[in-house]
Amino acid sequence: MTTDVHLRDLRYFLAVAEDLHFTRAAERLYVSQPALSKQVRALERQLGVELFRRDRHGVTLTGAGEALLPHARRVLADWAEGAAAVAAARSAQRSTLVVGMSTSPGRGGLLPAIRSRFTAAHPDAALRVRQVSWEDPTAGLADGDADVAFVWLPLPDADRYAWTVVAEEPRLIALPETHPLASRPELDFADLAGEPFLALPESAGPLRDHWLALDERAGRPARIGAEIAGTEETYEALVAGLGICLVAEGNAPLITLGGVVTRAVRGVSPSRYALAWREGDRRPLVRAYAEACRSVAGA
């Protein structure tokens, strides 16, 4: 039996074991039900045993599942305590705050303004920016590599984090300037639903669904033209005609570099950009950076 089991697999197992319902567990985890089922099946194959009994009456734990349940709870609880202890030790050793992000916040000098307010209150503290691929929607928070992070909502495992919204922006549609729909100044999302879309990696979870606008598709699946994990990949995929994509208004300048245009689109909800941190993290530098962010965003 292999022992190389990921914490995510144990979280997924625990959610299903507590709810005894794959759909409810998937909603709580902010993942799709098929993705959750697939991951649980993979865990069962890895362990060489069935953890759940699935039939027309519902879902129940098998004997093996009952045996694993208390250990899964203990491992996840111990890991959370361990991660908090490491973060506290790191904070005690050095007054450095690591800020994770996948793209620069931009937005009218937001980042310099936050830095200015933060350093005025904590002149001896150091700030370090960590750039993260779009494969990690938490921008380093989940694995402890970042203390705070600029992220797009919704976050996977949302109950693990707290956040303050920095900006709420319309979602625009980005498409090649040669696209037949590019001549229109504004589009209805219904006119775009059948187009191939660029998608974030599956590891982005609910954020991938958000940028595919699954909630606005009335249950119809999205056509995926290509997967993208960064700004440059997005631009190249758009220019190559591999698909179109939704983009926050504040990020539009990053991809409209020639050959790509953005248009207003009706029928989709706005995007929310936030500063997030791990729930329960009471360290002074984390609280101070969040307060500086609130002050600047509300100014």
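The values are calculated or read from the model by the stated rules, or taken from the named source; none is laboratory data. Given the structure is predicted, the values throughout are model-derived calculations rather than measurements. Backbone-built Cβ (ideal geometry, glycine too); neighbour counts: all protein chains shown. The protein model used for the area step is the full one, side chains on, heavy atoms only, and it has no ligands, DNA or RNA in it. Shrake-Rupley method; radii C 1.70, N 1.55, O 1.52, S 1.80 Å.
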Handout entry: Cross-chain or 6+ apart pairs with Cβ under 7 Å, the range 135-146 first and farther than 15 Å from A204 by Cβ, then modelled with pLDDT of 90 or more and part of a loop (DSSP other than H, G, I, E, B)
Key = A146/A139; A146/G140
Exercise for the section: Check the range 43-52 and report whether any residue there is modelled with pLDDT of 90 or more and under 24 Å from the mean Cα position of the chain (by Cα). Expected result: yes
Practice task
Return yes or no: is E66 in a loop (DSSP other than H, G, I, E, B) and surrounded by fewer than 18 Cβ atoms within 10 Å (Cβ to Cβ)?
Solution key: no
Exercise for the section: Please find, within the range 91-118, the residue that is modelled with the lowest pLDDT out of those that are in a helix (DSSP H, G or I), closer than 17 Å to R283 by Cβ and open to solvent by 50 Å² or more (accessible area, probe 1.4 Å). Expected result: Q93
Problem - Residue within the range 29-50 that is open to solvent by 30 Å² or more (accessible area, probe 1.4 Å), in contact with a strand residue (DSSP E or B) (Cβ under 8 Å, 6 or more places away or on another chain) and farther than 28 Å from G280 by Cβ present - result: no
